[in-house]
Number of protein chains: 2
Amino acid sequence: MECKNTRERLIDAAFAEIHERGYQGAALADILAKAGVHKGSMYHFFANKKELALTALKEKISAYFVFRYGAVATSNAPYLPRFFAVLLDASTRDFSKGCPLANMVQEMSNIDADFDATLKGLYGDLRATIKTILDKAVESGELKEGCDTARLALFVTVVIEGGILSAKASGDAQDFVAPIEELIKHIETYKKDKNETKRA
Amino acid sequence: MECKNTRERLIDAAFAEIHERGYQGAALADILAKAGVHKGSMYHFFANKKELALTALKEKISAYFVFRYGAVATSNAPYLPRFFAVLLDASTRDFSKGCPLANMVQEMSNIDADFDATLKGLYGDLRATIKTILDKAVESGELKEGCDTARLALFVTVVIEGGILSAKASGDAQDFVAPIEELIKHIETYKKDKNETKRA
């Protein structure tokens, strides 16, 4: 129990510090102080700050995707109303800090190959999860057959990430919500016409 | 002449180092070495690394907006074909480094008030420049009257920034181009119908 708690506290503290200050800006001493863990204990779990950071990003961001989008993909039809509600829900977003995944891509993708590989994987996971939702919406007859769901999933991801950035830049959460509303209008152009909808 | 060259070399070197490594990751010694300028000479122009960085961001990013989008706004009708061509043109973009403005927003907006104010101004300038293009397209009868150009300009900005981030994350320039193509399809839904177009 104690071991698990120590590891979890390190992961939580590393993620919070990196989200706040970036990887280069986050001091290991601050992470350890926040976690209430001695450096020696950290080495029992992680070789160094970088391994701790990469593990924290992988675990926390994956869990967040499952919480936010995975739940839609594993629910029941109709998928689009639930998906749109999740997209529009800004209540759990902290725009002042921005998206932890986007922040790390901006900061680290071009200066460290290990970060680049981890972030490429996480970004791919986000796109894949959104593609799964859109594929289910095609199967359920909400979206047209032949809709390029990979391309549309990329577009959704782009608007989410760009919207979070805009809200961070301006300090106005509406600068996230308005583009998401435009995105939803765009997705709706791929909806199956009512009179061609068939029951599965 | 010498004075101007020294200042320009400092601005160029600071911008390049910050674009490559971020503000916190860019060492003043590296900026000075790249510029070929002694620290003492720098103090003739800038009080410190931060003042140099803020000035470099303001001057270089503003000049880039004028080069890329301002030229469309000050051209002649029709505006949309030229605007779409500029949006789609990835030839001058370095996706491996990402957008210098977005990188700075991600890294600095929430941890330094001076950066926050400067970046808010630059991000607002980008949105305003794109709004001007869309307003001209309304005036010229390319877009519907009553089209919410402020909202659409925000959406365009969001897709540009999110698209650059996606291409940086994946290492694939097509992950910028495909979302821009979807964006153009969306903008086209605001086009005036041919038979309601009037000559100004």
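The values are calculated or read from the model by the stated rules, or taken from the named source; none is laboratory data. Computed from a prediction, not measured in an experiment: that's the story for all the values here. Backbone-built Cβ (ideal geometry, glycine too); neighbour counts: all protein chains shown. Heads up: the accessible areas ignore ligands, DNA and RNA and are worked out on the full protein's heavy atoms, side chains in. Shrake-Rupley method; radii C 1.70, N 1.55, O 1.52, S 1.80 Å.
Scanning the stretch B:67-79 finds no residues that are under 20 Å from B:ASP116 (Cα atoms) and of a type in the set (S, T, N, Q). Can A:SER96 be described as under 16 Å from B:ALA102 (Cα atoms) and open to solvent by 40 Å² or more (accessible area, probe 1.4 Å)? When the stated conditions are applied, A:SER96 passes them.
Of the residues making up the stretch B:148-171, those that are free of Cβ contacts under 8 Å to residues at least 12 places away in the same chain, open to solvent by 40 Å² or more (accessible area, probe 1.4 Å) and under 22 Å from A:ALA117 (Cα atoms) number 0.
When the residues of the stretch B:48-66 are filtered to those that are open to solvent by 60 Å² or more (accessible area, probe 1.4 Å) and more than 25 Å from B:THR129 (Cβ to Cβ), the one that is nearest to the chain's Cα centre (by Cα) is B:GLU51. Residues in the stretch B:64-90 that are more than 13 Å from B:LEU126 (Cα to Cα) and in contact with an Asp or Glu (Cβ under 8 Å, 6 or more places away or on another chain): 5 in all.
Residues are listed down the side, and each one gets a yes or a no for (1) over 22 Å from B:PHE95 (Cβ atoms); (2) more than 14 Å from chain A (Cβ to nearest Cβ); (3) touching a Pro at 6+ places or on another chain (Cβ under 6 Å); (4) not hydroxyl-bearing (Ser, Thr, Tyr):
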site: B:LEU10; (1), (2), (3), (4): yes, yes, no, yes
site: B:PHE15; (1), (2), (3), (4): no, yes, no, yes
site: B:HIS19; (1), (2), (3), (4): no, no, yes, yes
site: B:LYS49; (1), (2), (3), (4): yes, yes, no, yes
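Among the residues of the stretch A:113-147, those identified as at the interface with another protein chain (Cβ under 9 Å from one of its Cβ atoms) and either open to solvent by 30 Å² or more (accessible area, probe 1.4 Å) or in contact with a Gly (Cβ under 7 Å, 6 or more places away or on another chain) (or both) are A:ASP116, A:LYS120, A:GLY124, A:ARG127. For first residues located in the stretch B:9-22 and under 18 Å from B:ALA102 (Cα atoms), partners that are among the acidic types (Asp, Glu) and lie 6+ apart or on another chain with Cβ distances below 7 Å form the pairs B:GLU17/B:ASP30; B:GLY22/A:GLU107; B:GLY22/B:GLU107.
For B:TYR69, indicate whether it is within 15 Å of the chain's Cα centre (by Cα), open to solvent by less than 40 Å² (accessible area, probe 1.4 Å) and hydroxyl-bearing (Ser, Thr, Tyr). Here the answer is yes, as B:TYR69 does meet what is asked.
Residue-level check: of (1) of a type outside the set (Phe, Trp, Tyr); (2) open to solvent by 50 Å² or more (accessible area, probe 1.4 Å); (3) more than 8 Å from chain A (Cβ to nearest Cβ); (4) not in a helix (DSSP H, G or I), B:ALA90 misses just (2).
Apart from one condition, A:LYS191 fits all of (1) at the interface with chain B (Cβ under 10 Å from one of its Cβ atoms); (2) in contact with a Leu (Cβ under 7 Å, 6 or more places away or on another chain); (3) open to solvent by 70 Å² or more (accessible area, probe 1.4 Å); the exception is (1).
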